[in-house]
């Protein structure tokens, strides 16, 4: 069964902390994505990666960075957490190829910055 | 750029009622279209998809038809159940496979017994 696993379901961090959100997929997918979900705003793309060590900015990259050292793992980094980064974070992956393939999502990490 | 507009919720229906959630899109070329569902406390799951004009996606009693002439992909179900209560997201993806999904803002559906 296809699986995308996010390391934490819930996280509470303090303002100014460096925060790491980890995502692992077991489907050998080339593409991986980080989205942020907020009420009334839907899903907004933060960063995505289409290959190891490659990354592309999404719609809202400010305050975030990413790392992809291995194909199966895509990390989202909050360099200095702020309260406006309190949100649900969703990781997804998809195979390379034609755009008719869907993305597979993890269960989400609800991050609270206090 | 590509975008998706879906009807705002929340939508509240009685069990066995008919459901329609409207979705329209703006895109260059011929995107693929998707409906995802998010049950409380969970991530997103693919509900159905359609990859070319006039295709009908269907799953669990839900249906949506890719209408190129009206740039729409409305989600329908003939008789909703309490277990269908969730947030529904319409999304598109350009034909080039390395592009991300673009989502609508989501529509929360509550079904009451």
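We did not get these values from a lab; they are worked out from the coordinates using the rules stated. These figures come from a predicted structure and were not determined experimentally. Virtual Cβ from ideal backbone geometry, glycine too; neighbours counted across all protein chains shown.
Matching residues to (1) more than 29 Å from residue B:14 (Cα to Cα); (2) in a loop (DSSP other than H, G, I, E, B); (3) without any contact (Cβ under 8 Å) to a residue 12 or more places away in the chain:
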| site | (1), (2), (3) |
| --- | --- |
| B:54 | yes, yes, no |
| B:57 | no, no, no |
| B:76 | no, no, no |
| B:79 | no, yes, no |
| B:88 | no, no, no |
| B:91 | no, no, no |
| B:95 | yes, yes, no |
| B:98 | yes, yes, yes |
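Regarding the stretch B:27-47, can at least one residue be identified that is farther than 30 Å from residue A:55 by Cβ and either part of a strand (DSSP E or B) or free of Cβ contacts under 8 Å to residues at least 40 places away in the same chain (or both)? Talk me through it step by step, then tell me what you get.
Taking the stretch B:27-47 as the starting set, the residues that turn out to be farther than 30 Å from residue A:55 by Cβ are B:39-40.
Cutting the leftovers down to either part of a strand (DSSP E or B) or free of Cβ contacts under 8 Å to residues at least 40 places away in the same chain (or both) gives us none.
Taking every residue of the stretch B:27-47 in turn, none turns out to be farther than 30 Å from residue A:55 by Cβ and either part of a strand (DSSP E or B) or free of Cβ contacts under 8 Å to residues at least 40 places away in the same chain (or both).
Only one of B:44, B:33 is closer than 17 Å to residue A:33 by Cβ, within 14 Å of another protein chain (Cβ to nearest Cβ) and under 15 Å from the mean Cα position of the chain (by Cα); which?
Details: B:33 fails: closer than 17 Å to residue A:33 by Cβ.
The match here is B:44.
Scan the strands (runs of 3 or more DSSP E) fully inside the stretch A:1-113 and keep the ones with 3 or more residues being at the interface with chain B (Cβ under 10 Å from one of its Cβ atoms).
It comes to A:31-38, A:42-49, A:87-94.
For the list (1) more than 22 Å from residue B:42 (Cβ to Cβ); (2) in contact (Cβ under 8 Å) with a residue 12 or more places away in the chain, I need the number of the one condition that residue A:74 fails.
(1)
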